[in-house]
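Here the structure is laid out as structure tokens; the discussion comes afterwards.
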Amino acid sequence: MEAEERLTNSEALTLLWSTAMLKMATDFVENFLAEHPNATPPNPIPQLRMVRFATFMVTTTSKTRPVERYLLEEVIPESDGLFTKLVHNGQAIPLCNLPYPRHLQAQWCCTLQHIQWELTHGLAFVTDYQGGNTIITDTQIITHPNLGNGLFGEGNVPDAHKNFRTDHRCNAWCQFLDLPREPTAFPGKLNITTVVSHTQT
Ligand SMILES: [Zn+2]
């Protein structure tokens, strides 16, 4: 596989899984709100979604011309606010000195990470949140080391997974959503043979 093709596939795979995991966390929040109609969140809940994207390839009958692969991403309009990084992939904490209301968005992203951690039993969470006021792009996914190397590209930092439980500081949204007071310690050796076999095919 050519390096460019690998890069495109890796970026698309990361966007795809980020979209699914963001929706998984958002569904969790919506279910909680539906079950607690009188509960009032500590701050308005940021409405974030992943950037829309598509991949396509151009094939040819020529044996000398390689297949061309493209990754298309929705343009984040200026009206969505200044492009800002909220959480980087090395540590699951909000970035410092973010202006209002971006610091609240960064805290919300960390709550989303806590939800993803619990729902995947510590297997994976989305990080490197960045983008406009509502559209997030260029995320990374941090995975449990037992899932193997090379998943989701170079932004998958092993230490970010290893340190998540101590890096993450529960905020008012975590408390509001009745998440565990600190991220759950799941068994270190997971029976994930099936997961690994699927991801390697
Ligand atoms: Zn938390």
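What follows is calculated from the coordinates using simple rules that are stated; it is not laboratory data. Keep in mind that this is a model prediction, so the values were computed, not measured. Note that we place each Cβ from the backbone using ideal geometry, even for glycine, and neighbour counts take in every protein chain shown.
Show log10 I(q)/I(0) for the chain at q = 0.17 Å⁻¹, two decimals, from a solvent-free Debye sum over equal Cα scatterers.
-1.20
Net charge within 15 Å of A25 by Cβ-Cβ distance, Lys/Arg positive one each and Asp/Glu negative one each, not counting A25 itself? Could the numbers behind the result be given before it?
Working: positive: K23, R49; negative: D27, E30, E118, D178.
Surrounding charge for A25 is -2.
Using Cα springs under 10 Å in a Gaussian network model of the chain, which residue among L86, L95, L15 shows the largest mean-square fluctuation?
L95
Take every DSSP beta bridge whose two residues both sit in the chain, then give the antiparallel share in percent to the nearest 5. Working shown, then result.
Values: 13 of 15 bridges.
Just about 85 percent of them are antiparallel.
Within the chain, which cysteines find no other Cys whose Cβ is under 4.7 angstrom from their own?
Cys with no partner Cβ under 4.7 Å: C96, C109, C110.
Cβ under 12 Å from N133's Cβ, N133 left aside: what net charge do those residues give with Lys, Arg +1 and Asp, Glu -1?
For residues surrounding N133, the net value is 0.
Report relative contact order for the chain in percent, whole number only (criteria: Cα-Cα under 8 Å, sequence separation at least 6).
Computed over the chain, the figure is 22 percent.
Any chance you could give the angle, 0 to 90 degrees and rounded to 10, that helix 3-35 forms with the longest Cα principal axis of the chain?
Once rounded, one gets 30 degrees.
Can you tell me how the range 120-181 classifies by the Cα gyration tensor, rounded, prolate or oblate, using a/c under 1.5 as the rounded cut?
Oblate shape, in that a/c is at least 1.5 and b/c is the bigger or equal ratio.
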